[in-house]
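Values in this text are rule-based calculations from the coordinates and carry no lab data. Just so you know, these numbers come straight off a predicted model, no measurement behind them. Cβ placement follows ideal geometry from the backbone for every residue including glycine, while neighbour counts extend to all protein chains displayed.
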Amino acid sequence: MLAIWDGCKKGAEDPFFSIWSRKHRVVGTWKITSYQVNFVDSLRRLTLPQDSQVIYGICGLETDVNIRTYDYVWTFDKHGGYTQKLTILYDTIHDILNNTTVCEDYFAHDSTITVTVASWNFTGNIGDFKNKEQLYIYDPDTKVAQVYDIIELREKEMKLETEFVDPVSNVASLRNLTLTAQ
């Protein structure tokens with residue numbers, strides 16, 4: 001009975017009772033449906049300080065907009081394997097203010113895909129955290145580890161939170177993620 005209770009431990013927003021262990025609920029493919037950095041949406045980003053910027057281009061004045069859309073898919077296997085597939089969509093819009101037959105508006109769409117292969121596990125009884133209340137992802141190639149607090153873990157939804165410190169600027173940011181099972 002104690003082994004069953006330990007496997008079904010709950011986080012702050014977990015369901016009151018689950019017949020599935022926390023490991024069973026994590027294993028599978030997940031899509032990040034919400035990703036906030038310091039409470040600002042970071043799945044879709046404008047690369048300019050404002051939505052658009054009027055500049056003087058080769059054809060005269062134009063409004064340029066650059067949009068980056070991030071699509072994350074995480075896969076956890078039951079043996080501790082982890083894969084992150086990141087697709088970045090690049091949309092560039094050049095709106096020529098005085099269109100001519102030589103200078104027309106321009107739209108470009110491109111994408112890149114990167115795949116990270118790593119390992120995952122739960123942390124166990126660290127500080128104020130009980131066993132299986134945190135998720136640990138380790139990339140052996142870069143030697144980078146990330147620990148996520150498990151805010152909610154349901155069969156079809158997972159909410160994670162982490163504090164990330166940029167190694168270059170030494171600036172900390174709070175990251176909140178919501179993942180939906182695929």
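For the reader, a short list of remarks on this structure follows.
- Of all the options Val37, Val54, Val171, the one that moves most in a Gaussian network model of the chain with Cα springs shorter than 10 angstrom is Val171.
- If you wrap the range 82-139 in the convex hull of its Cα atoms and look at it from every side, the mean projected area works out to 7.0 nm².
- Within-13-Å neighbourhood charge of Tyr70 [Cβ basis; K, R +1; D, E -1]: +3
- When the listed pairs Lys85/Lys130; Lys23/Lys130; Lys130/Lys156; Lys31/Lys143; Lys31/Lys130 are checked against a 20 Å cut-off, the alpha-carbon distance exceeds it for Lys85/Lys130; Lys130/Lys156; Lys31/Lys143; Lys31/Lys130.
- Within the listed set Ser21, Ser169, Ser119, the residue fluctuating most in the Gaussian network model of the chain (springs between alpha-carbon atoms under 10 angstrom) is Ser169.
- Top of Glu155, Glu133, Glu104 by mean-square fluctuation, Gaussian network on the chain, Cα under 10 Å: Glu104
- Measuring how big the range 2-181 is from its alpha-carbon positions, Rg and Dmax come out at 21.2, 76 Å.
- Computed label-point distance, nm, for sites Thr69 and Ala172 using a 7 Å Cα→Cβ extension: 3.5 nm
- For the range 169-175, the Karplus equation 6.51 cos²θ - 1.76 cosθ + 1.60, evaluated at θ = phi - 60°, returns couplings of 8, 6, 9, 8, 9, 8, 10 Hz by residue, with Gly and Pro reported as x.
- Positive-end ranking of Val115, Asn38, Ser169 along the dipole of the chain, with charges on Cβ about the Cα centre, is headed by Val115.
- Anisotropy class of the range 28-128 from Cα gyration tensor, a/c 1.5 cut: prolate
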